[in-house]
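To start, the structure under review is shown below, and the notes come after it.
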Amino acid sequence: MLRSTRSLRSRAWDEGLRTSDGVLDVAHMHAAVPQLGALVHEVPVEGAMHDVFLSGPRVRAQAINEYADWLAALPQTASGGVEVVSRGKLL
C-alpha cells in the first residue's frame, strides 16, 4: 500500500494538499494493513499526495521504485508469470 505519511482535511484549496492525502486518513490506512492480508506491504511516502503517482517528481520516482521492487518480489510461476493470490488462494 503506497500512501502519504500525512492527511490534510481542508474545505478549500490548500497548498499542503500537494504533499498530503486530502481524501483518506493515513492513520486509518495504517491501522487496516494487518487485516488486508500477509501479502500487503505498507510503504508510507513522505510528501505524497492522495494519488501518489501524481505527486511531485521526487515522490513519483520513489513510488515507481517501490512499485518495481514490489513487483520483482512477487512469487513467480514455473512459466515465468506472476502468481495471483486472492484471500490466500492461488488464482
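The values are calculated or read from the model by the stated rules, or taken from the named source; none is laboratory data. These figures come from a predicted structure and were not determined experimentally. We place every Cβ from the backbone using ideal geometry, glycine too, and count neighbours over all the protein chains shown. Calculation scope for accessible area: heavy atoms of the full protein, side chains included, ligands and nucleic acids excluded. Shrake-Rupley method; radii C 1.70, N 1.55, O 1.52, S 1.80 Å.
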> Restricting the search to the stretch 1-22, which residues are assigned to a helix (DSSP H, G or I) and open to solvent by 90 Å² or more (accessible area, probe 1.4 Å)?
Replying inline: Glu15, Arg18
> open to solvent by 60 Å² or more (accessible area, probe 1.4 Å), at pLDDT below 95 and of a type outside the set (A, V, I, L, M, F, W, C), is that true of His41?
Replying inline: yes
> Quick one: how many residues across the stretch 20-45 are touching a strand residue (DSSP E or B) at 6+ places or on another chain (Cβ under 8 Å) and either of a type outside the set (Val, Ile, Thr) or more than 28 Å from Ala73 (Cα to Cα) (or both)?
Replying inline: 11
>> Could you go through the stretch 23-37 and let me know if any residue there is open to solvent by 100 Å² or more (accessible area, probe 1.4 Å) and part of a loop (DSSP other than H, G, I, E, B).
In response: no
> Exactly one of (1) touching a strand residue (DSSP E or B) at 6+ places or on another chain (Cβ under 7 Å); (2) at pLDDT 95 or above; (3) of a type in the set (S, T, N, Q) is unmet by Asn65. Its number?
Replying inline: (1)
> When you go through (1) open to solvent by 100 Å² or more (accessible area, probe 1.4 Å); (2) modelled with pLDDT of 95 or more one by one for Phe53, which number turns out not to apply?
Replying inline: (1)
> What pairs come up if the first residue lies in the stretch 23-39 and is more than 10 Å from Arg3 (Cβ to Cβ), the second is in a loop (DSSP other than H, G, I, E, B), and their beta carbons are under 6 Å apart, counting only those six or more places apart or on different chains?
Replying inline: Val23/His50
